[in-house]
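Participant: One structure coming up, written as structure tokens, with questions to follow.
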Amino acid sequence: MKREDSPKTLDLGPVDEFADGERRIMRHGRVSIGVFRVGDDFHAVRNYCPHEGAELCRGPLTGTNLPVARSGHMEWGAEGYVLRCPWHAWEFDIRTGRSYTATKMRIKTYPVEIREQRVHLILKAS
Amino acid sequence: MTLIDSDFHVTWSDNAALAEYLPKAWQQRFLRGSGHSQSGLPVTQPFYNPAAQGQPGGWSEPEAAVTWMENHQVEKAILHAYQAPAVSNFGDADYPSLLAEAFNQWLIDHWLDGRTELLGTMTVATQDPVRAGKEIRKRGSHPQIVQVALSAGTLQPYGKLGFRPIFEAAAEMGLPVVLHAGTEGVAVSNPPSSHGWPRNLLEYRVCPATNFIAHLTSLITEGLFSDLPDLRLVGLEVGGVLPLITYLWRFDKNYKALRSECPWVRELPSAVVKRHVRLGTGSAAIGEEHLYFELLESFGADEMLLWSSNQPRWDAVEPESDPHLKERTGWQVEKVGRENAAALYGMTSAL
């Protein structure tokens, strides 16, 4: 009989103790993960830049100039969702793990769920 | 396989032939000052002038050129007058515009009309970009004018806003813009090395790749290929594809970090280059042949190379001995020899 795997979760504590704009970096086994609160949304990404392995989640969480159709136009957006690597400024959107470079390059993201007013980080099924 | 030769040089046999195409008011100036810019600086560097060494700078009569083509299974040839784009390196504006227009009409009358196997490269004077744009729309509408040559040597990189009317007109007319090495450092352009003047011809001859790459970087980051999806750029004798490969590795890497500075560049620079840029095979430094082709194949260079003989100049090649045209596994020789050029110059239906 097949064993049903249930996703491993980490209980990060009460929602109201996780301030808007706060980030927490935690280690689970050999993996370091950053959890971010943006307004009422929570996002978690692996703390590892695919470029040269820097601790991505220690970089600024900001916005970026979104892709535009014509030169000379700037459209600031994704405010609060763009994680910029502290080493070489590579950018990733914490909602999707994707960059804005039209490539397949991405960082690993993890679901975050609120259960009974507590923040749970959902890890890969064991 | 019949070939398309994307770098086939022509020249006027004497200055009087070209002078006829100038208004009277300017003829004497041309005949007196020919070979020199109006700032008194040489247009053709003495150390780089094949004519001074008794060697041809280009075919001077169509019959000889066409005979060579027939003998080498070259079905179409793209004509270049090596020295024509140097008008953009004069310190003047009206005169070089007139001279470019005279050259273009001479090319049409003397080479193109009645010879459909010959296709022409017009030129414009970049000192007056608006007038250059008008000239591209006017003479660029001739069915055998297939591209616009700009000087490789400039005072600014080509992505700068001032050059826009030229690139807009070229894209509108479906004419690729071509940069042919050789005008770097000419007259009032910047020195051919980014650090100044070379001491000798050897140094000069290895500089064009960096110069071309500087223009290309500017065109990409300033958004010319984003704004003008139909724009195509051709590099001839600019060091071949090899320098581009490692340059694009670095460009792609830095783009990932700094793309927010130019958000109109919406994909990797290497993807932009593969779609918008074509390079002639002339002046490629092959070195170790198996390694050279391994690197080119890894880059997919057979999708972007244009076979170029550079005839009849002293460093020309013949198709029978050109390694780019040898059959080899994983190498699309028909694309290099013909199809890439046919697609670029809109000749697919004619072949």
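Participant: Given the options B:238, B:265, B:234, B:317, name the one that is of a type in the set (Val, Ile, Thr) and either part of a helix (DSSP H, G or I) or surrounded by fewer than 22 Cβ atoms within 10 Å (Cβ to Cβ) (or both).
Facilitator: Working: B:238 fails: either part of a helix (DSSP H, G or I) or surrounded by fewer than 22 Cβ atoms within 10 Å (Cβ to Cβ) (or both); B:265 fails: either part of a helix (DSSP H, G or I) or surrounded by fewer than 22 Cβ atoms within 10 Å (Cβ to Cβ) (or both); B:234 fails: either part of a helix (DSSP H, G or I) or surrounded by fewer than 22 Cβ atoms within 10 Å (Cβ to Cβ) (or both).
Among B:238, B:265, B:234, B:317, only B:317 is of a type in the set (Val, Ile, Thr) and either part of a helix (DSSP H, G or I) or surrounded by fewer than 22 Cβ atoms within 10 Å (Cβ to Cβ) (or both).
Participant: Here's another thing I want to ask about it. Return the residue satisfying two criteria in turn: it lies in the range B:241-258 and is within 8 Å of another protein chain (Cβ to nearest Cβ) and in contact with a Leu (Cβ under 9 Å, 6 or more places away or on another chain), and of such residues it is surrounded by the most Cβ atoms within 10 Å (Cβ to Cβ).
Facilitator: Per the criteria, the residue is B:255.
Participant: A further question follows. Show the residue pairs that are 6+ apart or on different chains and have beta-carbon atoms under 8 Å apart, the first residue being within the range B:210-229 and within 11 Å of chain A (Cβ to nearest Cβ), the second being of a type in the set (Val, Ile, Thr).
Facilitator: B:220/B:265; B:220/B:272; B:220/B:273; B:221/B:265; B:223/B:265; B:225/B:272; B:226/B:265
Participant: Output yes when any residue across the range A:5-17 is within 14 Å of the chain's Cα centre (by Cα), surrounded by fewer than 12 Cβ atoms within 10 Å (Cβ to Cβ) and not hydroxyl-bearing (Ser, Thr, Tyr), and no when none is.
Facilitator: Taking the range A:5-17 and keeping what is within 14 Å of the chain's Cα centre (by Cα), we get none.
No, because not a single residue in the range A:5-17 is within 14 Å of the chain's Cα centre (by Cα), surrounded by fewer than 12 Cβ atoms within 10 Å (Cβ to Cβ) and not hydroxyl-bearing (Ser, Thr, Tyr).
Participant: Also, I was wondering about something else. Would you pick out the residues in the range A:39-62 that are among the polar types (S, T, N, Q) and at pLDDT below 95?
Facilitator: As a first pass, look at the range A:39-62 and keep what is among the polar types (S, T, N, Q): A:47, A:62.
Matches in the range A:39-62: none.
Participant: Just give me the residues in the range B:320-351 being surrounded by 13 or more Cβ atoms within 10 Å (Cβ to Cβ), acidic (Asp, Glu) and part of a helix (DSSP H, G or I), in sequence order.
Facilitator: Correct list: B:334, B:339.
The values are calculated or read from the model by the stated rules, or taken from the named source; none is laboratory data. Because the structure is a prediction, the values reported are computed rather than measured. Neighbour counts run over all protein chains shown; Cβ positions are idealised from the backbone, glycine included.
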